[in-house]
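Student: Got a structure here, written out as structure tokens. Questions coming.
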Amino acid sequence: MNPPTTANHHFWLALMIGSSHLHWAEFQGKELLTAWDTPHLNPEIVQELIKGGFADDLWPEILPVPPLSRGASLWIASVVPEQTQLWQRYAQAKAIALDDLPLKGLYPTLGIDRALAALGAGEKFGFPVLVVDAGTAMTFTGVNSDRQLVGGAILPGFRLQLKSLWTGTASLPDVAIPQELPDRWALNTPSSIQSGVIYSIVAGVRDFIAAWWQDYPQSQIVVTGGGGPGLLAYLRSRDSAIADRAIFDPHLVFWGMEMIVNG
């Protein structure tokens, strides 16, 4: 990757290509101005945006996003190679790879989103750090004070577990994620599903955090992902000591990208 050329007063775009959505952020130098999500875009729309150099007048016609500077540089991290190829046709596009991250011990199949989130959390809140990403998949990623990857874990997130019971059985219903911690001992099928999934995940999260704190008692715990606020609410009902120490930040990946762009 070429050395970054983004000046502090320049606008630039960050694009994290996830499995189902595009996660965008607009920066002015080191300052994150705004962030938003969109579905994956079809090639025709991508080509129109690229052709116009992300001009201000194109965005309102296509997506409800803020105005951007024509010709802004686009920094891409991705877990979807096909989508990456579409956006790399933009002349000002620069892809971020694992080798670009100043972290030790990253293994080749580690998701770039997890690595960037860990980097962003450590840069913003300090190392060592454990990142709990409550997304479609719930992940744990731990990095020590030497910026060495300690390791992590992956499990299905709240919605994915609920959906698996609905789609994988003949009679169980589709159930929503409750806003508050449900009763543990449920008296109907939907509530029983909510209880089983929510309490199991929360117990697992508490166990991972407790194990991490045994080795790194002063470590920050940073929660991110769309399910992060709900997870913290559940934790607060079960273990306020963990919830009170945990930090929620939805932009960890972008903080990691900002560190790569600006150094």
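The values are calculated or read from the model by the stated rules, or taken from the named source; none is laboratory data. Just so it is clear, the structure is predicted and the values come from calculations on it, not from any experiment. Cβ atoms come from the backbone with ideal geometry, glycine included; neighbour counts cover every protein chain shown. Surface accessibility is based on the protein's heavy atoms, side chains included, excluding ligands, DNA and RNA. Shrake-Rupley method; radii C 1.70, N 1.55, O 1.52, S 1.80 Å.
Student: Which of the numbered conditions does Phe208 fail, given that it passes all the others? Conditions: (1) under 30 Å from Asp99 (Cα atoms); (2) open to solvent by 60 Å² or more (accessible area, probe 1.4 Å); (3) not in a helix (DSSP H, G or I).
Tutor: Here Phe208 meets the rest and fails (3).
Student: Can I ask one more? List the pairs whose first member sits in the range 32-50 and is polar (S, T, N, Q), whose second member is open to solvent by less than 50 Å² (accessible area, probe 1.4 Å), and whose Cβ atoms are under 6 Å apart, counting only residues at least 6 apart or on separate chains?
Tutor: Thr34/Glu26; Thr34/Pro66; Thr38/Leu22; Thr38/Leu63
Student: Would you tally the residues in the range 88-104 being over 15 Å from Ile260 (Cα atoms) and open to solvent by less than 50 Å² (accessible area, probe 1.4 Å)?
Tutor: Of the residues in that region, 1 qualify.
Student: Please count how many residues of the range 216-247 are in a helix (DSSP H, G or I), of a type in the set (A, V, I, L, M), within 26 Å of Gly18 (Cα to Cα) and open to solvent by 10 Å² or more (accessible area, probe 1.4 Å).
Tutor: 2
Student: Please enumerate the residues belonging to the range 7-37 that are open to solvent by less than 70 Å² (accessible area, probe 1.4 Å) and either farther than 20 Å from Glu258 by Cα or in contact with a Lys or Arg (Cβ under 9 Å, 6 or more places away or on another chain) (or both).
Tutor: Matches in the range 7-37: Ser20 only.
Student: Something else: Could you pull out the residue among Arg159, Arg114 that is in contact with a strand residue (DSSP E or B) (Cβ under 7 Å, 6 or more places away or on another chain), in a helix (DSSP H, G or I) and surrounded by 15 or more Cβ atoms within 10 Å (Cβ to Cβ)?
Tutor: Answer to the selection: Arg114.
Student: Among what's in the range 177-193 and is in a helix (DSSP H, G or I) and touching a residue at least 12 places away in the same chain (Cβ under 8 Å), pick the residue that is least open to solvent (accessible area, probe 1.4 Å).
Tutor: Ile193
Student: Moving on to the next point. What about Gly196, is it farther than 24 Å from Leu15 by Cβ and assigned to a strand (DSSP E or B)?
Tutor: no
Student: May I ask you to verify whether Val222 is within 30 Å of Leu74 (Cβ to Cβ), touching a residue at least 12 places away in the same chain (Cβ under 8 Å) and of a type in the set (A, V, I, L, M, F, W, C)?
Tutor: The answer is yes for Val222.
Student: Can you tell me how many residues in the range 52-80 are modelled with pLDDT of 85 or more and surrounded by fewer than 19 Cβ atoms within 10 Å (Cβ to Cβ)?
Tutor: Residues in the range 52-80 being modelled with pLDDT of 85 or more and surrounded by fewer than 19 Cβ atoms within 10 Å (Cβ to Cβ): 2 in total.
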